[in-house]
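*Asks:* Below: one structure in structure tokens.
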Amino acid sequence: AQSVTQLDSHVSVSEGTPVLLRCNYSSSYSPSLFWYVQHPNKGLQLLLKYTSAATLVKGINGFEAEFKKSETSFHLTKPSAHMSDAAEYFCVVNDLDTGRRALTFGSGTRLQVQP
Amino acid sequence: KAGVTQTPRYLIKTRGQQVTLSCSPISGHRSVSWYQQTPGQGLQFLFEYFSETQRNKGNFPGRFSGRQFSNSRSEMNVSTLELGDSALYLCASSSLSAHTDTQYFGPGTRLTVL
């Protein structure tokens, strides 16, 4: 069975400071992991994904994430926050579980960026 | 390429009614998945269709159903609406049905049940 835990429901940073959004996963097999962002009243946009290639994944808008199998983590980082990064972020796992290919979402982390 | 489109964007219904939501995937994509987003339960998987066949189903009652047409467009139907069905319904498409595939999401249909 697959599951995702986002360790912080809210994160607040100042503009120009680093961002760290934490995610731990549980998976029976070799998972695919994704980070999606959702701006208010909008759909979900893919930031980046991991599918067993390089463990450090670079995404759009300066975000990156590192897959750490030993820690079952897939934390999202960005060196310098921008006001436009304020949104809700979802860590997502998709495991090759028998008969199911469905995304399992974390509960989300709301990122606030202070001027 | 045009993105995933969903119609209508907003719906208001009353308890007991039924509703049909529509999703047009990205051109060439054959897999369409549906998700329900609520403040209390977050994002939950409803079902996935691939080449007109339901491949997977989430843990939702039988009032929730769907179908996919030969052009990959999909519809989702909810019968006998309940207040708890108020949610943002998101559709996502992908080219295949592999767990490595990226799913691209539409803007959603916001359903309000009164």
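*Asks:* Could you compute the longest span of chain B free of trypsin sites (Lys or Arg not before Pro) located in DSSP loops and having at most 12 other Cβ atoms within 10 Å, not counting the site residues?
*Replies:* Longest site-free region, per DSSP loop and neighbour criteria: B:16-114.
*Asks:* Right, something else. Between B:Glu52 and B:Tyr10, what is the label-point separation in nm under the 7 Å Cα-to-beta-carbon projection?
*Replies:* Modelled inter-label distance: 3.7 nm.
*Asks:* Same structure, new question: In peptide B:42-49, how many Cβ atoms from other protein chains are near each Cβ within 10 Å, on average?
*Replies:* Counting Cβ atoms of other protein chains within 10 Å of each residue's Cβ and averaging gives 4.
*Asks:* Give me the one-decimal nm value for the distance between modelled label points at A:Asp8 and A:Ser84, 7 Å along each residue's Cα-to-Cβ direction.
*Replies:* Result: 2.2 nm between the two label points.
*Asks:* May I pose another question? For chain B, report the % of Cα-Cα distances exceeding 18 Å.
*Replies:* Of all Cα-Cα pairs in chain B, 44 percent lie more than 18 Å apart.
*Asks:* Further question on the same structure: Once phi is turned into θ = phi - 60°, what whole-Hz ³J(HN,Hα) does the Karplus curve with 6.51, -1.76 and 1.60 give for every residue of the range A:83-88, x standing for Gly and Pro?
*Replies:* 4, 6, 7, 4, 4, 9
*Asks:* If you don't mind, another one. Each label point is 7 Å from the Cα along the Cα-to-Cβ direction; what then is the distance between the points at B:Gln17 and B:Asn71, in nm?
*Replies:* Taking the simple label geometry, B:Gln17 and B:Asn71 are separated by 2.6 nm.
*Asks:* Would you order B:Cys91, A:Cys23, B:Cys23 from fewest to most other beta-carbon atoms within 10 Å of each residue's own beta-carbon?
*Replies:* A:Cys23, B:Cys23, B:Cys91
*Asks:* So which of B:Lys1/B:Lys57; A:Lys58/B:Lys57; A:Lys42/B:Lys1 end up more than 21 Å apart by C-alpha?
*Replies:* Over 21 Å apart, Cα to Cα: B:Lys1/B:Lys57; A:Lys58/B:Lys57.
*Asks:* Within the range B:12-52, find all residues whose amide N lies under 20 Å from a label point positioned 7 Å from the Cα of B:Leu114 along Cα-to-beta-carbon.
*Replies:* B:12-21
*Asks:* Could you pull out the longest piece of chain A with no exposed loop trypsin sites (Lys or Arg not before Pro) in it, calling a site exposed if DSSP puts it outside H, G, I, E, B and it has at most 13 other Cβ atoms within 10 Å?
*Replies:* It runs A:70-115.
*Asks:* Taking the Cα centre of chain A as the origin, how large is its charge dipole in debye, to the nearest 20, when only Lys and Arg (+1) and Asp and Glu (-1) carry charge on their Cβ atoms?
*Replies:* Here chain A has a charge dipole of around 220 debye.
Only the coordinates and a few stated rules stand behind these numbers; no lab work does. Computed from a predicted structure; not experimentally measured. No Cβ is skipped: glycine too gets one built from the backbone with ideal geometry, and neighbour counts run over all protein chains shown.
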